[in-house]
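Undergrad: Handing you this structure, nothing more for now.
Where a number appears in this text, it was derived from the coordinates with a stated rule and is not lab data. Computed from a predicted structure; not experimentally measured. Positions of Cβ are backbone-derived with ideal geometry, glycine not excepted, and every protein chain shown enters the neighbour counts.
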Amino acid sequence: MGSDCLFCRIVAGEIPATVVRETDTTLAFRDIDPKAPVHVLVIPKEHYADVATLAQGDPALAADVLATSAAVAEDEGLLGDGFRLMFNTGAYGGQEVFHVHAHLLGGAPLGPMLARDLV
Ligand code: AMP
């Protein structure tokens, strides 16, 4: 994907980010506009648009994203009290950056899963 994709540019080092963990296949960095005391984005270095495309195209890489998310959760001290791991996907999911990313949120009670009931 490359120059058109914000997160590919972070992977390439062209845009700065506060990186908290890096593996051969994944990168974890702090969200620029945090919604919780801990808000880290975990991405595969390789470009996939969303979690469905990633899981269908490279399940092992999807597992790497989960493993890195768990490692960051441990590093950030979230395993005891818990956390939320979220993949916004597509228009209804509110996805804004089309390079798949897990939002790792924690450090305080996160409230209900959705702001309001939709059914
Ligand atoms: P989503 O709506 O799920 O696509 O989330 C995109 C996330 O990327 C938002 O939480 C933004 O705050 C975050 N974001 C956008 N630009 C950057 C950046 N340069 N560095 C870190 N996080 C970013």
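Undergrad: Tell me yes or no: at least one residue of segment 52-61 is in contact with a helix residue (DSSP H, G or I) (Cβ under 8 Å, 6 or more places away or on another chain) and without any contact (Cβ under 8 Å) to a residue 12 or more places away in the chain.
TA: yes
Undergrad: Could you list, in sequence order, the residues of segment 94-112 that are touching a residue at least 24 places away in the same chain (Cβ under 8 Å) and either within 15 Å of the ligand (Cβ to nearest atom) or buried (at least 16 other Cβ atoms within 10 Å of the Cβ) (or both)?
TA: Selection gives 95, 97, 98, 99, 100, 101, 102, 103, 104, 105, 106, 110.
Undergrad: Further question on the same structure: Within segment 3-15, does at least one residue satisfy the condition of being under 16 Å from residue 103 (Cβ atoms) and touching a Phe, Trp or Tyr at 6+ places or on another chain (Cβ under 7 Å)?
TA: Yes, because at least one residue in segment 3-15 is under 16 Å from residue 103 (Cβ atoms) and touching a Phe, Trp or Tyr at 6+ places or on another chain (Cβ under 7 Å).
Undergrad: Another question about this same structure. Residues in segment 11-49 that are touching a residue at least 24 places away in the same chain (Cβ under 8 Å) and either more than 23 Å from residue 94 (Cα to Cα) or within 9 Å of the ligand (Cβ to nearest atom) (or both): how many?
TA: 8
Undergrad: Tell me which residues, restricted to segment 83-93, are within 15 Å of the ligand (Cβ to nearest atom) and touching a helix residue (DSSP H, G or I) at 6+ places or on another chain (Cβ under 7 Å).
TA: Passing the criteria: 85, 87, 89.
Undergrad: I've got another one for you. Of everything in segment 62-82, what is more than 14 Å from residue 42 (Cα to Cα) and either of a type in the set (Ser, Thr, Tyr) or touching a helix residue (DSSP H, G or I) at 6+ places or on another chain (Cβ under 7 Å) (or both)? Give them in sequence order.
TA: 79
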